[in-house]
Structure formats: structure tokens, C-alpha cells
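Undergrad: This structure is in C-alpha cells; I'll ask about it shortly.
Derivation of every value follows stated rules applied to the coordinates shown; laboratory data play no part. What you are looking at is a predicted structure, and each value in this text was computed from that prediction instead of being measured. Methodologically, a virtual Cβ is constructed for each residue, glycine included, from the backbone with ideal geometry; neighbour enumeration extends over all protein chains shown.
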Amino acid sequence: MDIVTKRPRGTEDKLPREIYKWQTVEKVARDTAEAYGCKEIRTPTFEHTELFQRGVGDTTDVVQKEMYTFEDKKGRSITLKPEGTAGVVRAAIENGLLNDALPLKTYYFTRCFRYEAPQSGRLREFNQFGVEVFGAAEPSSDAEVIALANSVIERLGVKNVLLKINSIGCPACRAEYHKALKEYYGQYKDKLCDTCLERLERNPMRLLDCKSEICSEFKKDAPMILDYLCDDCKTHFESVKKRLDALEIKYEVDPLIVRGLDYYTNTVFEFVSDEIGSQAAVCAGGRYNGLVEEIGGSPLAGLGFAMGLERMIMVMDSQKAEYAPEKKCDLYIATFDEETNIYAMTLAQKLRAEGFWAEYDTVGRSFKAQMKYANKINAAFCMVIGSDELAGGFAKLKRMSDGEEISVKLDDGFAERLNTLIMDISL
Ligand code: HAM
């Protein structure tokens, strides 16, 4: 096939016939975020590469291997955002949002770009719904953000999603933990894969995330972060769990959740499902108390999550979850000639202004073909306008579900009558 008619590997077309699924998920996510007091933020699709190097972390797979980075015409290094958090933090600092009343609660929908090996549920361009909250250091915020993610999942009717939580501590307790990890993994230096050898030096916690058979073997006896938490971090984590219990949100503490991005501190979490592959995350996030400062703002606590929308829809499809029904055409106006078609055009124009979905012929179909088309698009009502109807000011509305015909006056009250008839059908 000609390359021009083929989309790049790892990308997807979201087609009109399935867009109702996206609209359902986006509406539920938006309504839920707003019920928690979040306001939408939209940031650029590309940022300076340095933002992600500094924010997401130089030693992460995302920054080292997966970014779409290029030079613009002035030789600046630009990167298509691989995730949403860094851009939101940058925008909050640059626009002074962190000087206003705190906490600042934001949500976003964004496309992300990562050069990964494409497979089911893993794309090179994908969509995230995310939430970022700033100036909220208390465990109550961790619980609130997790509860928000959980209620989006619940409101979408998605089942069998397991919430896994962990605490990866603050830089002080993590330094102790890194020491212990280096010592432990140091014994197996000659057996570790090349990536893990590098991790051992630069980012030892990521060793726990290695999927290779040999390195995974060493995981079970490795020191666990929860044994190294300082008193403050321990108390924080206990309080988050207590609040999740009070909200009756089920979770499992998994000390192997370390996350692939460098900015996290304290609470981290993942909502995983078996429906995409083994325990793939449909939503993930955590606290990042050092990130605002790292990116150039004054020190300020932050936390959030992002939900992979392609993955969420895959899970919903495989569980046959319900989406909001697709919109239906309210009225198709069939006509015979130019005069009646012009009348239909003006009537459709008025009805559309009132919020109806009205259609008439714009492609020169025969009368018979128009009726067939009205059926095909599943119009609720069909109305025939001929010269008699034009002269008499009356027409017959045919209810397509049962063929019942209702005579209606073509006057200023038409839209209201049509509305009543449509409401009757939906009852
Ligand atoms: P992340 O774990 O890298 O975190 O991604 C969040 C979610 O995006 C994943 O759980 C998954 O559902 C989806 N996702 C990631 N990569 C892909 C891919 N290649 N194809 C399809 N879906 C994917 C973040 O991005 C953080 N910014 C989340 C966050 C916000 N933490 C705090 N605030």
C-alpha cells in the first residue's frame, strides 16, 4: 500500500462510528473531575526537551529511549510531550497559578507520544485524561486524588480493576534504601542485564521494574522500600490507607510499584486490569513533592494521576460496559424538487438552531433513495414535503420505529410539536 494512505506504526484513527465511546469516557471523566473541584488546563503538544529531561528524569526509559525529539528551524530542541505532568507544572509556574489560592486542582485531556514497541494497549500516540493538584501536602489529598480516579472507573462501569499502592518515601529515606539496594544487587552484578547494570549506578529503584527473567528472580529477596520509610513518610502512608479504608476503596499494598518516571515521592499507585495483557495499568500516578522546585518554582507539594483512554476503552469493550447511546437523527425531510428542497433547507436551518438534528437531501437523491437513506441513518421521524404540503401548510410526520403517521401544522409551533413527539418516543 502507498505510504500516504497508511498511518504511522503505533498510531490509531478514532473513527466517527466509535466516537461515542470516546465522548462517553471524556464526559464521565470531565464531570467527575469537576465534582472534585478541578478546572481544565490545556498546555502545548510540544515543549522544550529540557523540561522532560529535568522533570521526568534523565535516567528514565521515557527520556532515554522513547521521546519524539527534533530540532526546529532555529535549532531548538523540541519534544512532543511523552506525558502530561511536566507541561502542567511548567504552565502553573510560568502563569503564576501557584501564587493564587491553593490547592490548585487541574485536569486535562492530552495526546502523548512515546517511541515504544507497539502492541495491544501500547501505542506511540495515545490519549490520557489526567489530574494534577498543587499545594496539597496532606494525606487527605492523596486519598482525594485516588478517590477521583476510582470514581471515574466506577462511573464507567469498569469491573475487576485492582488498585495497587505503595510509598517510595522522601529523598532522605530513599537515600538509605538506594544504599541497601546497591548492596543487595551488587552481589549479582555479573548476572544483571545491561540496563539493570546502568540502573544500579544511576537509579537503583528501577531494578525492581525489570521484566527480564534473570533480574526478576532477584526481586523476591530484595530489600523493600516500606522497611526504610522515615517516621513522617510512614505516618503519611498509614493515614492515606486509613482514609481509603474510610472511603471503602479496596487496594493492595505492593512494594514493587516504583513507577517509571523520576519525579515521584511518597504515595504511588496504579489501577491494573488483566483485560489488556497481564496486569497492565489503566491509570497511574502519585505524589511529586520535589517537582515544582525541580522545574524552577518555589518548593510546593503536588500529586496527580493519568488514565490511558485507549486502555480504558479496551477494557470497557471487553467487559461489554455500556456507553451513552449514540445520538440519533431527529427528522429527515424528504423532498421532490428545487422548491421543496429549498423549503426543507430553511426548515432544517431553523430546527438545527434549536438544537435538533435535522437532515434533508444535499446530494441529489431520488425520492425513493431519500427514504432509504432516512432509514439507513436511523432517523426518528421522516417528513415528506411536496407541493401539496407547501400549499396547505400541513405535512405528515412518519414515526420510523412503527410507521405511525401524525399530521402536523408547518407553522411557528412546529419545533415544539416535534420536540413533544421525540420525548414521547424516548419514554
Ligand atoms: P504513566 O504511568 O507513564 O504516568 O502513564 C499513565 C497511563 O497512561 C498508563 O497507566 C497507561 O494507562 C497510559 N499509557 C502509558 N503509556 C502508554 C502507551 N504507550 N500506550 C497507551 N497507553 C499508555 C504518567 O504519564 C504520569 N504523568 C501520570 C501522573 C500524573 N502522575 C502524576 N500525575
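Undergrad: Place the peptides 103-115, 68-80, 325-337 in order of packing, highest mean first, counting for every residue the other Cβ atoms within 10 Å and averaging per peptide.
TA: Working: 103-115: 20.2, 68-80: 12.3, 325-337: 18.0.
Highest mean packing first, the order is 103-115, 325-337, 68-80.
Undergrad: Using each residue's phi in region 81-93, evaluate 6.51 cos²θ - 1.76 cosθ + 1.60 at θ = phi - 60° and report the 3J(HN,Hα) Karplus result to the nearest Hz, with x for Gly and Pro.
TA: Result, ordered by residue: 4, x, 6, x, 5, 4, x, 5, 5, 4, 5, 5, 5 Hz.
Undergrad: Whole-Hz ³J(HN,Hα) for each residue in region 401-412, computed from phi via Karplus 6.51 cos²θ - 1.76 cosθ + 1.60 with θ = phi - 60°, x for glycine and proline: what do you get?
TA: These are the phi-based 3J(HN,Hα) values: 5, 10, x, 4, 10, 10, 7, 10, 7, 8, 10, 5 Hz.
Undergrad: Figure the gain on full extension for V363 and M345 (residue separation times 0.36 nm, minus the Cα-Cα span) and round it to one decimal in nm. Let's see the in-between values first.
TA: Working: separation 18, 0.36 × 18 = 6.48 nm, distance 1.27 nm.
Result for the pair: 5.2 nm of gain on full extension.
Undergrad: Hey, got the dipole for region 331-420? About the Cα centre, +1 on K and R Cβ, -1 on D and E Cβ, debye to the nearest 20?
TA: 360
Undergrad: Over region 331-420, what is the relative contact order in whole percent, taking alpha-carbon pairs under 8 Å and six or more residues apart?
TA: 28
Undergrad: Would you check region 331-420 for Lys pairs whose C-alpha atoms are within less than 21 Å, ignoring same-chain pairs closer than 8 in sequence, and give me the count?
TA: Going through region 331-420 pair by pair, I get 12.
Undergrad: Using 30 Å as the Cα-Cα cut-off, could you pick out the over-long pairs in K211/K234; K65/K320; K27/K250; K81/K220; K105/K242?
TA: Working: K211/K234 28 Å; K65/K320 36 Å; K27/K250 25 Å; K81/K220 35 Å; K105/K242 23 Å.
Where the Cα-Cα span goes over 30 Å, the pairs concerned are K65/K320; K81/K220.
Undergrad: Stretched out fully, how many nm does the piece from H48 to E213 gain, at 0.36 nm a residue minus the Cα gap?
TA: 55.7 nm
Undergrad: Please give the length that would be gained between W22 and E252 if that part of the chain were fully extended, namely 0.36 nm times their separation in residues minus their C-alpha to C-alpha distance (nm, one decimal).
TA: Gain on extension, W22 to E252, equals 79.9 nm.
Undergrad: A follow-up question, please. Just to verify a number: FRET efficiency for E326 and R155, C-beta to C-beta distance, R0 = 22 Å, to 0.05?
TA: 0.70
Undergrad: So what is the 222 nm mean residue ellipticity for the chain from helices alone, if each DSSP H run of at least 4 adds -39500 (n - 2.57) and you divide by all residues, rounding to the nearest 500 deg cm²/dmol? Please list the in-between numbers first.
TA: Details: 14 runs with 158 residues, N = 427.
Helix contribution divided over all residues of the chain: -11500 deg cm²/dmol.
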